[in-house]
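> Okay, here's the structure, questions in a sec.
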Amino acid sequence: MAVAVRGGRGGGSALRNFFSYRIFVSAMFTLLFLATLSVLFSSHHDSTTSFVGLSSDPLKTRLDLIHKQATDHIALVNAYAAYARRLKLEISKQLKMFEDLAQNFSELQLRQNYRSTLFDTDGPLEEDSLKQFEKEVKDKVKFARLLIADSKESYDNQLKIQKLKDTIFAVNELFVKAKKNGAFGSLIAAKSTPKSLHCLAMRLMEERISHPEKYRDEDPEPEFEDPTLYHYAIFSDNVIAVSVVVNSVIKNAEEPWKHVFHVVTDRMNLAAMKVWFKMRPIQQAHIEIKSVEDFTFLTPSYVPVLKQLESAKLQNFYFENNAENATKDVNNMKFKNPKYLSMLNHLRFYLPEMYPSLHRILFLDDDVVVQKDLTALWTIDLDGMVNGAVETCFGSFHRYSQYLNFSHPLVGEKFNSKACAWAFGMNIFDLDAWRREKCTEQYHYWQNLNEDRTLWKSGTLPAGLMTFYLKTKSLDKSWHVLGLGYNPSVSMDEIHKAAVIHYNGDMKPWLDIALNQYKELWTKYIDSEMEFVQMCNFGV
């Protein structure tokens, strides 16, 4: 009897797909043994008469076929039982069923009523007895086939391997999908405005509208343009974040009256920012608050980013429905954040024009906390360089090759792929050297070339790496420690020694997804006595 066996995916001969070579050999030996027994069993009959009688007798031919079917299934069942023993499978119930089934097949042929009416008679066969024998054989064959079908995957290595591969593939698909959904959810959480931050802005605006006489603009202070003082540039639309940066600087400054803060925000948050610092003035220090629109030279005809923003193609890239395509492009979603097109993000490339009377300025991101007096930065010898920054490379990580597309001929020709990258977020800039080196023109050159995003994907760091290439002085790493917004492994010893700690990454300290072990380093500089902070439940 031919037995259908499921083959491997790659095809192959029927014998190679019959469970395994060992099963095949075992089955062959069993068949040979049974054939020998069959011959011995039938040897007592007359030599001139076959075991099942003359071929001309249809009942004997029918008995021959039934007997062959039974012996074939005895061999098959025995082969499964033998292989189960070799594999030492913990399926004793199945093993016993195979053994019992083989025994039942054998006992069926030896039953006295069948011996006398079918096998040991020289006369004609009894048709009723043959029908009963056939029925019992077919019932056992059916049961044997069902048992084999249910057990096949336990014995067929090829099927077991394929099933395992299918399971691994299915689990991996679920894992990839969950990872993509998790990444997308994290990005949504990082981009969203927390309820407490929105509440604070609304309260400040309400205060401005209710008491306009208290918040009239005052004349600029002469300190804003005094190059002998310590000047800071902070560009942000986040009121509470700016207040933490300013408070942390002043609380750790030895001479706070010498520090001047130049805060630039967007038009929507300008009033709220001004009200905050009117209600909570900085003792002794000086603060100037402006909006991007106050710098009239920043027009699309001059600023590449503003010009590119008018492009429909670029708008589609940044403002298409990211949720719809989240599972297709998760790895690149972070590069499609529209914040990269905000002028607040690109103002850092216009510092010499924004503050023409200054010689040096310290640029700080709004997600930093200052822990020590920073005045020594203004006296560091930059050796004629434009930018003083902490390098971030170690081993092969954070090299230029990770930020720029070195397959582009212009990038490969101008830059060293192994050059060490540095951090934006705490940078001391020599504005005189900047003007001399015409760095803003260099930035415009590269930003114009990158309209189709072939030089780098997005963001300001790649543009800064190109603009200040060979114009950056490496500072001691203790000045600036990074990673508090994504890396839970930054050591507290390293943090305590740092002058500035940076919550770069998606887990900003004002978000619910912030890393708890670092959050207190930020919240301790929140002005918790400010009534609107208490009303908006900042959790401090």
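> FRET efficiency for W257 and K524, Cβ-Cβ distance as r, R0 = 41 Å, nearest 0.05?
The formula returns an efficiency of 0.95 here.
> In addition: Is any residue of the range 190-224 close enough, with backbone N under 12 Å, to a label point placed 7 angstrom from the Cα of M279 along the Cα-Cβ axis, and if so, which?
Of the residues in the range 190-224, 199-211 have backbone N under 12 Å from the label point off M279.
> Moving to a separate point now. Measuring from a point 7 Å past the Cα of K214 along Cα-to-C-beta, which residues in the range 270-303 have an amide N at less than 18 Å?
Residues 270-283 qualify, since their backbone N sits under 18 Å from the label point.
> Using a 1.4 Å probe over the heavy atoms of the protein chains, calculate the carbon and sulfur portion of the accessible area of the range 492-533 as a whole percent.
It is 43 percent, rounded to a whole number.
> HN-Hα J couplings of the range 245-250 from phi, Karplus 6.51/-1.76/1.60, θ = phi - 60°, integer Hz, Gly and Pro as x?
Here the 3J(HN,Hα) series is 4, 5, 4, 5, 5, 5 Hz.
> For H480, what residues show an amide H to amide H distance below 5 Å, using hydrogens built from the backbone and excluding near sequence neighbours?
Answer set, sorted by chain and number: A499, V500.
> How much length, in nm to one decimal, is gained on full extension between Y486 and E107, taken as 0.36 nm per residue of separation minus their Cα-Cα distance?
129.1 nm
> Between F297 and A178, what's the calculated FRET efficiency when r is the beta-carbon distance and R0 is 41 Å? Round to 0.05.
Step by step, r from the Cβ atoms, then E = 0.25.
> Net charge near H502: determine it from the other residues with C-beta under 9 Å of the C-beta of H502, scoring Lys and Arg +1 and Asp and Glu -1.
That sum, taken over residues with Cβ under 9 Å, equals -2.
> Also, I was wondering about something else. Just subtract the alpha-carbon distance of D64 and E441 from 0.36 nm times their residue separation and send over the number in nm, one decimal.
Going from the current span to full extension adds 125.8 nm.
> Can you compute the FRET efficiency between T193 and Q132 using 1/(1 + (r/R0)^6), with r the Cβ-Cβ distance and R0 = 60 Å? Round to the nearest 0.05.
0.10
> Can you sort I380, I428 by solvent-accessible area, 1.4 Å probe, largest first?
I380, I428
> Given an 8 Å cut-off on Cα distances and at least 6 residues of separation, report the relative contact order of the range 203-536 as a percent.
Result for the range 203-536 is 19 percent.
> Follow-up. How large is ³J(HN,Hα) for each residue in the range 304-309, as worked out from phi by the Karplus curve 6.51 cos²θ - 1.76 cosθ + 1.60 (θ = phi - 60°), to whole Hz, x for Gly and Pro?
For the range 304-309, the Karplus curve yields x, 5, 5, 5, 5, 5 Hz.
> Go through K414/K457; K68/K135; K307/K414; K68/K142 and tell me which ones have a Cα-Cα distance over 21 Å in this structure.
K307/K414
> Of the heavy-atom accessible surface of the range 385-435 (probe 1.4 angstrom), what whole percent is carbon and sulfur?
Carbon plus sulfur share of accessible area: 53 percent.
> Give the long-range amide H neighbours of I361: residues separated by 5 or more places, or on another chain, with amide H under 5 Å away, using H modelled in the peptide plane at 1.01 Å from N.
Amide H neighbours of I361: F429, L431.
> Per 0.36 nm of contour for each residue apart, how much would the distance between S357 and E221 grow if the chain were fully extended, relative to their Cα-Cα spacing?
Residue separation times 0.36 nm, minus the Cα-Cα distance, leaves 47.6 nm.
> Using a cut-off of 10 Å between beta-carbons, work out the net charge of the residues near I428 (Lys and Arg +1, Asp and Glu -1, I428 not included).
+1
The values are calculated or read from the model by the stated rules, or taken from the named source; none is laboratory data. Just so it is clear, the model here is predicted, and its values are computed rather than measured. As a convention, Cβ positions derive from the backbone with ideal geometry for all residues, glycine included, and neighbour counts pool all protein chains shown. The area values use the complete protein model at the heavy-atom level, side chains included, leaving out ligands, DNA and RNA. Shrake-Rupley method; radii C 1.70, N 1.55, O 1.52, S 1.80 Å.
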